[in-house]
Amino acid sequence: MDTADRLFQKRKKLSARELSLRIEKSGTYINQIESGNFMLSLPMLLKIIDALDISCAEFFAENYTNYKQDKEIINLLSNLSADRKNSFIDLMKNTK
């Protein structure tokens with residue numbers, strides 16, 4: 001597992017053992033994945049994502065540390081009219 005996996009695991013305050021129990025695997029399963037000694041299947045990855053109570057989009061987000069903020073901004077912007085979006089773009093360009 002990479003840094004994203006560990007970040008989500010820490011955010012949920014789950015030990016490797018707790019996470020492995022949630023996905024019905026042995027206590028060393030997550031440690032084997034983290035150390036690169038085990039290839040993770042897609043179904044098991046999806047099970048881990050579910051156990052962490054996050055979306056696939058959040059897990060795979062390029063900027064996962066700010067995912068929720070970025071998503072909220074995108075949702076707010078998507079509801080604006082084209083004129084208001086252009087005004088927002090102009091505002092953001094001028095705040096650099």
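The values are calculated or read from the model by the stated rules, or taken from the named source; none is laboratory data. Computed from a predicted structure; not experimentally measured. Using ideal geometry, Cβ is built from the backbone for each residue, glycine included, and neighbour counts are taken over all protein chains shown. In case anyone asks, the SASA skips ligands and DNA or RNA and just uses the protein heavy atoms, side chains included. Shrake-Rupley method; radii C 1.70, N 1.55, O 1.52, S 1.80 Å.
Of the numbered conditions (1) at pLDDT 90 or above; (2) open to solvent by less than 80 Å² (accessible area, probe 1.4 Å), Leu42 satisfies every one except a single condition; which is it?
(2)
For Glu72, indicate whether it is open to solvent by 90 Å² or more (accessible area, probe 1.4 Å) and among the acidic types (Asp, Glu).
Taking the combined requirement at face value, the residue satisfies it.
Going residue by residue through region 81-91, is there one that turns out to be open to solvent by less than 100 Å² (accessible area, probe 1.4 Å), touching a Phe, Trp or Tyr at 6+ places or on another chain (Cβ under 9 Å) and not basic (Lys, Arg)?
No: region 81-91 contains no residue that is open to solvent by less than 100 Å² (accessible area, probe 1.4 Å), touching a Phe, Trp or Tyr at 6+ places or on another chain (Cβ under 9 Å) and not basic (Lys, Arg).
Quickly run through region 26-47 and pick out the residues that are touching a helix residue (DSSP H, G or I) at 6+ places or on another chain (Cβ under 6 Å) and in a helix (DSSP H, G or I).
Tyr29, Ile30, Asn31
Here is a yes/no grid of residues against (1) at pLDDT 85 or above; (2) open to solvent by 80 Å² or more (accessible area, probe 1.4 Å); (3) within 15 Å of Gln9 (Cα to Cα):
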residue: Ile30; (1), (2), (3): no, no, yes
residue: Ile33; (1), (2), (3): no, no, yes
residue: Phe38; (1), (2), (3): no, yes, no
residue: Ile48; (1), (2), (3): yes, no, yes
residue: Ile54; (1), (2), (3): yes, no, yes
residue: Glu58; (1), (2), (3): yes, no, yes
residue: Thr65; (1), (2), (3): no, yes, yes
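Return the residues of region 1-25 that are modelled with pLDDT under 85, assigned to a loop (DSSP other than H, G, I, E, B) and not basic (Lys, Arg); say none if nothing qualifies.
Met1, Asp2, Leu14, Ser15
Taking into account only those residues within region 7-28 that are free of Cβ contacts under 8 Å to residues at least 40 places away in the same chain and of a type in the set (S, T, N, Q), which is least open to solvent (accessible area, probe 1.4 Å)?
Ser20
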